[in-house]
Amino acid sequence: MSKISVLIPAYNEELSLPELYLKMKEVMETHSQYEWEILFINDGSYDKTLEIIKSLRQQDNRINFVDLSRNFGKESAMLAGFDYATGDCVIIMDADLQHPPYLIPEMLRYWEEGYEDVYAKRITRGKESLIRKHLSLLFYKLLQKTTRIKILTNVGDFRLLDRCCINALKKLRESQRYTKGMYCWIGFRKKEIKFEQENRIAGNSSFNFFSLLSLAMEGITSFTIAPLRISTFAGIIISLIAFIYMCIVMIKTLIWGEKVQGFPTLLVTILFLGGIQLLSLGVIGEILKKIKKVYVYLVNKEVEDCLYVYDKGINRMYKKTPLLKISLFLSIVGILFYLINLYTPWISDDYLYSFFLTPKAAKSFFEGTFIGFEQKILSTSDIIHSQYNHYFFVNGRTIPHIIEQGFAGILGKEWFNWINVLFFLLLTALIIRLSNKKNIFSFPYWTIGISSVWFLLPHPADILLPMVCAINYVWSALLCLFFLFVYCKVKHAQNIHWPATIFLFLFSIITSWTHEALVIGISGALFLNYCLHYKKQKTKKAEISMMVGFWIGTLLVCLSPAARDRALLDHVSIWETCLALASQLKAFYILFFLLGGMLLYEKKYNTHIFRKFIYDNQFYFYIIFINCAFSLFIGYRNARQLFGIELFSIILFIKSISSFVTSSSSWFKKVSNIIAALTIIHMAYVVPKSKQTYIQYQNLIKTYIQSDSGEVNYERKTFSWWLDPYVWRFGEYLDWETSCISVYYTGNKKQMKIIQTNKIDLE
């Protein structure tokens, strides 16, 4: 749900406020799909304005206010409103109802369409004198002639500004402000609506002739250097004229003489130079006044029930609090995730990747014979030679398998455990960052991100924890998402030089030479996006190099000799694959449900939120649908195959929440705290269960090594449905695992034999 802040500066408006509130209440009730906030800025009123605002707040908690310590002026009051408004967009209007509230729904409609600045232009100026109207028009013409910025005529402060505009205006901390010019200076997408300005319902305007003249001077001196240049040119011309006249006086004096010696020259020089100095000093003084750092406004701290208190220390603490909360949450999750990793032993492929992979060994990899597994990995050159054979006989995922052999053969599992924790958190960070850059500093979205990765990705015990799976899926996904992050940056960059372009090309190949379940969807989406939009936008050379690099890496994965051989294996029918996929998807269904709700919301309130979401995120939808088609084409093998579909469904799931909910909502914060607690409790419960299976596994290995025949008894533990996907268990692929263990510990001289399997329910 989007939050709308209505910013209303008020100075001695006691008579207007009750009627204004009734009008605004009507608008808010008819548009209840938004979360509303009415923010009054009491600009040092000496009547009962503050008391009326307080009474209105007691009636309606949607009303907030800031009480300034004195009258700082409307411009500074609006800056105070920018600082304290919390909405996704801010509507600025006067308290005297000259700005009609019935225009607000139209402003919101254009905002939903993507406009960031929806301004209201006056057709008529209400009850104004003829002289004032003509002077206003003359001022706008003069201002437009003296500045390069397009200044909008007859456009005041009545407008809707998106959060991006508010953030830009907050950075402009000038003490002498002309906000109407700043609106034009910051740019962004603008939309004009016209209205007839009403007369004041009560009271008199605080802007007299001299106040308006002062505001006009602020506008001229803020947005143009024309007076300074005029002064400079005038100084040059006048000085030149003075010099010529001085020459004439000198010649006249030499020929005819002068009755009053030196007087003409002295008089002319003093008058001309004095005029230039006075004019220059006046202009320079106006400009230097803008440089002087003074307080723009001060909040009256004596008002106890004021919602906001202007205190820089408190403001800093407010900014730091979410970061501290996020850090604490990630520390707890990281420690628990490390412990679960610690109690996840090497399994199946992890053992085999510790060996030098000869052509004979590579050919026997999937045959279960394991011929040629004699030499352990001893150096980096062994890894390179092994992966050459791996590429031709096992599969094409070269980059993750190089990393895996590095850990299995050289670094060891302890290093993997620590790095896997870091990459788990980095993967979550990239998911949150790709959903919305603002979410990365929001605690609620970190809880959603962590819980989504932990609860929604398919079979965590296969994806997140074992070394072979984590490197193939989590680490590969991290590289792919980092590619998308860099690609978005490059797409919006101005100029990228050739050395950087070549580096991005190589970087793209590395990030895509990872896992087919991830890179095929991204490559296809890049191709579709390029074909659909190449006429609308000019593609930069760096962007093209990244796309080509990613396509090359994808081809290296999918067209490797080993990958082609794997693709020729027998598959189940498409119908059976559809049923298998339908039974395993989770994040995709949640996303589908939210999209359905978004569509119903659009139909009910006649907005464009669903269509806008689909259009803005079409690239991610391409990835999901291409991955689904790929899974149907190759046939269903296991739940890990759905990793790419679920991963990008999580990104869209978080993006859809961002489009509806603001992180500052109190209910959203409460829900996120509950989610964080549930995630921590669940991970904490997994730790001892993982330890139980780990101890059993160690005992099994010990028994196997000590046994002459290789016979071991194995009691398989069973867990409840909410725990089963998170605990590693020996015996998932019994024949494969026993063969790998036999090769690793005895060189395949003693085959492990499971002679008894009993199920024990630990719950």
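The values are calculated or read from the model by the stated rules, or taken from the named source; none is laboratory data. A quick note: this is a predicted structure, and the numbers were derived from the prediction, not measured. With ideal geometry, Cβ positions are generated from the backbone for all residues, glycine too; neighbour counts draw on all protein chains shown.
Within region 485-503, the set of residues being part of a helix (DSSP H, G or I) and either more than 22 Å from the chain's Cα centre (by Cα) or closer than 17 Å to Leu430 by Cα (or both) comprises Phe485, Val486, Tyr487, Cys488, Lys489, Val490, Trp498, Pro499, Ala500, Thr501, Ile502, Phe503.
Hey, does region 343-365 have a residue that's touching a residue at least 24 places away in the same chain (Cβ under 8 Å), in contact with a Leu (Cβ under 8 Å, 6 or more places away or on another chain) and under 30 Å from Thr679 (Cα atoms)? Yes, region 343-365 contains a residue that is touching a residue at least 24 places away in the same chain (Cβ under 8 Å), in contact with a Leu (Cβ under 8 Å, 6 or more places away or on another chain) and under 30 Å from Thr679 (Cα atoms).
Do we have Asp350 as in a helix (DSSP H, G or I), touching a strand residue (DSSP E or B) at 6+ places or on another chain (Cβ under 9 Å), in the same structural domain as Gly406 (by TED's automatic domain parsing) and within 22 Å of Ile471 (Cβ to Cβ) here? Criteria not met by Asp350.
In region 745-763, the residues that are in the same structural domain as Thr369 (by TED's automatic domain parsing) never reach a residue that is part of a strand (DSSP E or B) and modelled with pLDDT of 85 or more with C-beta atoms less than 7 angstrom apart, at least six apart or across chains.
Taking region 1-27 as the range and being in a strand (DSSP E or B) and farther than 22 Å from Glu116 by Cβ as the test, only Ala10 passes.
Working carefully through the options Ser2, Ser32, Ser45, find the one that is in contact with a Cys (Cβ under 8 Å, 6 or more places away or on another chain), small (Gly, Ala, Ser) and modelled with pLDDT under 85.
Values: Ser32 fails: in contact with a Cys (Cβ under 8 Å, 6 or more places away or on another chain); Ser45 fails: in contact with a Cys (Cβ under 8 Å, 6 or more places away or on another chain).
Result of the check over Ser2, Ser32, Ser45: Ser2.
On the stretch given as region 664-687, residues that are surrounded by 13 or more Cβ atoms within 10 Å (Cβ to Cβ) and without any contact (Cβ under 8 Å) to a residue 40 or more places away in the chain total 1.
Just to be sure before I move on: is Ile623 surrounded by 15 or more Cβ atoms within 10 Å (Cβ to Cβ), assigned by TED's automatic domain parsing to the domain that holds Trp454, over 16 Å from Val661 (Cα atoms) and out of contact with any Leu (no Cβ under 8 Å at 6 or more places or on another chain) in the structure I sent? So Ile623 passes the test. Tell me, please, whether a residue that is under 28 Å from Glu414 (Cα atoms) and touching a Leu at 6+ places or on another chain (Cβ under 7 Å) can be found in region 530-542. So far as region 530-542 goes, no, none of its residues is under 28 Å from Glu414 (Cα atoms) and touching a Leu at 6+ places or on another chain (Cβ under 7 Å). Tallying residues that are crowded, with 16+ Cβ neighbours inside 10 Å, in a strand (DSSP E or B) and of a type outside the set (A, V, I, L, M) within region 709-730 yields 3.
Under the condition of being under 20 Å from Cys89 (Cα atoms) and of a type in the set (Val, Ile, Thr), which residue from region 147-183 is modelled with the lowest pLDDT? For region 147-183, the residue satisfying everything is Thr179. Inclusion of Tyr622 among residues that are at pLDDT 90 or above and out of contact with any Lys or Arg (no Cβ under 8 Å at 6 or more places or on another chain) is warranted. In this entry, Ile701 is excluded by the filter for residues that are closer than 30 Å to Asn617 by Cα, among the β-branched types (Val, Ile, Thr), buried (at least 16 other Cβ atoms within 10 Å of the Cβ) and modelled with pLDDT of 90 or more. I need the full set of residues from region 702-737 which are over 13 Å from Ile754 (Cβ atoms), under 48 Å from the mean Cα position of the chain (by Cα) and aliphatic (A, V, I, L, M), in order please. Correct list: Leu723, Val727. The lone criterion from (1) farther than 30 Å from Phe505 by Cβ; (2) at pLDDT below 90; (3) in a helix (DSSP H, G or I) left unmet by His571 is number (3). Thr514 meets each of the listed conditions (1) in contact with a Lys or Arg (Cβ under 9 Å, 6 or more places away or on another chain); (2) part of a helix (DSSP H, G or I); (3) crowded, with 23+ Cβ neighbours inside 10 Å apart from (2).
Residue-by-condition table, conditions (1) surrounded by fewer than 19 Cβ atoms within 10 Å (Cβ to Cβ); (2) free of Cβ contacts under 8 Å to residues at least 12 places away in the same chain; (3) closer than 22 Å to Ser665 by Cα:
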residue	(1), (2), (3)
Ile4	no, no, yes
Tyr11	no, no, no
Glu29	yes, yes, yes
Phe40	no, no, yes
Lys48	yes, no, no
Arg62	yes, no, yes
Lys74	no, no, no
Met93	no, no, no
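All told, Phe424 falls short of being closer than 20 Å to Tyr745 by Cα and buried (at least 20 other Cβ atoms within 10 Å of the Cβ).
Examine region 450-466 for a residue that is charged (D, E, K, R), more than 23 Å from Leu526 (Cβ to Cβ), in contact (Cβ under 8 Å) with a residue 12 or more places away in the chain and crowded, with 24+ Cβ neighbours inside 10 Å, and state whether such a residue exists. Looking through region 450-466, none of the residues is charged (D, E, K, R), more than 23 Å from Leu526 (Cβ to Cβ), in contact (Cβ under 8 Å) with a residue 12 or more places away in the chain and crowded, with 24+ Cβ neighbours inside 10 Å.
Annotation: of all residues in region 378-402 being buried (at least 20 other Cβ atoms within 10 Å of the Cβ) and either out of contact with any helix residue (DSSP H, G or I) (no Cβ under 9 Å at 6 or more places or on another chain) or of a type in the set (A, V, I, L, M) (or both), the one that is modelled with the highest pLDDT is Ile399. From the list Leu378, Leu328, the lone residue that is of a type in the set (A, V, I, L, M), assigned to a loop (DSSP other than H, G, I, E, B) and farther than 26 Å from Pro561 by Cα is Leu378. Check whether at least one residue in region 746-760 is surrounded by fewer than 12 Cβ atoms within 10 Å (Cβ to Cβ) and within 30 Å of Tyr620 (Cα to Cα), and report yes or no. The answer is no, given that none of the residues of region 746-760 is surrounded by fewer than 12 Cβ atoms within 10 Å (Cβ to Cβ) and within 30 Å of Tyr620 (Cα to Cα).
Among all residues of region 418-441, there is none that is closer than 22 Å to Val727 by Cα and not in a helix (DSSP H, G or I).
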